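Reviewing the structure listed below.
The values are calculated or read from the model by the stated rules, or taken from the named source; none is laboratory data. None of these values were measured; they are calculated from a predicted model. Cβ atoms come from the backbone with ideal geometry, glycine included; neighbour counts cover every protein chain shown.
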Amino acid sequence: MSENLLVIDGQEVMFEPGQTILEAAEKVGIDIPTLCHLKGTTPTGACRICMVEVEGARTLMAACTVPAAKGMVVQTESATVVRSRKTTIELMLASGRHDDCLVCPASGDCRLQELAYRYKVKSARFPETFTEYPMETVNPLIVRNFAKCILCGRCVQACRDVQVNDAIDFGYRGATTKIVAKGDMALKDSDCVFCGQCIQACPVGALVPKDAWKKPRVCETEQIRTTCPYCGVGCQQILHVKNKKIVQISAAENAEPNQGRLCVKGRFGYDFIHSDERLKTPLIKKDGVFHEATWDEALDLVASKFTQIIKDHGPDAVAGVSCARSINEDSYQMQKLFRGVFKTNNIDHCART
Ligand code: SF4
Ligand code: SF4
Ligand code: SF4
Ligand code: FES
């Protein structure tokens, strides 16, 4: 057998030095289930759902942490592996409150539910083992439902390693273990910046947007890729849309420039789209009161005012600041208008800092 070759489910697979069994399997489309594994971060081996059988090994091995090695012979769905996965799923179901699955906002988009279906686990065989912490609903944008938490740690990694905010961690021990914001505070009183990366990382319904219960579930939505309208970075978003309304926004994975990240504005700041207070026509103030106007009326007024100011006081009496929420091309045209037409260099952009 040549240098970097192993056998997975009877198939010879080439691997790069340093790749794990999971990464080698992924390359050839062999689906080893994962729960705690968060791409781009150091594997923790916390959930044990990715266990595989390696010929000659005394125990099952976690595919997400064990490096692929020359000559390895791996079984990813042997009877022993399947038995182990079923037990792991049963223990997870017993470690939280999942008996209300039908009304959970994550239903249909939940990795635990998906795996319970895949491995035909009907219910938890084991006695409940968890401490029932109350749901945290005081935060402006995020609900923490500790009873659904499987302690996979993906939220901690998303916060610490992906967003570099380090606002949450594991707290307490054994059956009382809980994901805590520093000092076990509500997120709103912690270092949390409400980027929502932990929601995106959570494989179950333990972290959900605050308005999740008022909206359709994510599994009912159509996914539309777009660019965030808030600033010039151009983050790639996935809009989850139902009946022409955005239900939730997540970051597009493996896409530049944000590589699966979003900030608080990009993830949660979309209420304005359907707001009754949204301006839809230009307004012109007459006698101290705004009146709706046509675009022609508004543009004629602005043009006449600029012309008059420049005539009376010279071009440097006007200045322009273009908006970070407009596209690059609009900002380019804005500086052309000020430099080329008005003949002033008084032009700036609000995101220059
Ligand atoms: S977290 Fe998943 S398994 Fe648990 S109730 Fe919600 S959908 Fe069901
Ligand atoms: S919202 Fe962002 S900062 Fe707050 S806990 Fe989640 S990942 Fe960390
Ligand atoms: S809140 Fe979600 S991501 Fe965090 S440990 Fe619990 S299940 Fe995992
Ligand atoms: S995915 Fe490998 S241990 Fe969790």
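Within the stretch 16-29, being free of Cβ contacts under 8 Å to residues at least 24 places away in the same chain and under 18 Å from residue 75 (Cβ atoms) holds for 26, 27, 28, 29. Looking only at residues that are more than 10 Å from ligand 2 (Cβ to nearest atom) and crowded, with 22+ Cβ neighbours inside 10 Å in the stretch 179-207, which one is farthest from residue 98 (Cα to Cα)? The qualifying residue farthest from residue 98 (Cα to Cα) is 203. Cβ separations smaller than 6 Å between residues 6+ apart or across chains give the following pairs from the stretch 186-201 residues that are over 18 Å from residue 269 (Cβ atoms) and within 16 Å of ligand 4 (Cβ to nearest atom) to residues that are in a helix (DSSP H, G or I) and among the hydrophobic types (A, V, I, L, M, F, W, C): 201/155; 201/158. You will find that of 154, 144, 160, the residue that is without any contact (Cβ under 8 Å) to a residue 60 or more places away in the chain and at negative phi is 160 and no other.
Among the residues of the stretch 115-133, not a single one is farther than 30 Å from residue 213 by Cβ and touching a strand residue (DSSP E or B) at 6+ places or on another chain (Cβ under 9 Å).
Return yes or no: is residue 32 away from ligand 3 (no atom under 16 Å from the Cβ), in contact (Cβ under 8 Å) with a residue 40 or more places away in the chain and in a loop (DSSP other than H, G, I, E, B)?
Judged against the criteria, residue 32 is a match.
Taken together, the residues in the stretch 159-178 that are surrounded by fewer than 19 Cβ atoms within 10 Å (Cβ to Cβ), of a type in the set (Gly, Ala, Ser) and within 13 Å of ligand 3 (Cβ to nearest atom) amount to 1.
Listed here are the residues, each with its yes/no results for (1) surrounded by 14 or more Cβ atoms within 10 Å (Cβ to Cβ); (2) hydroxyl-bearing (Ser, Thr, Tyr); (3) in the same structural domain as residue 228 (by TED's automatic domain parsing).
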position	(1), (2), (3)
314	no, no, no
328	no, no, no
331	yes, yes, no
335	yes, no, no
340	no, no, no
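When the test is whether a residue is touching a helix residue (DSSP H, G or I) at 6+ places or on another chain (Cβ under 6 Å), over 28 Å from residue 215 (Cβ atoms) and among the hydrophobic types (A, V, I, L, M, F, W, C), residue 68 passes it.
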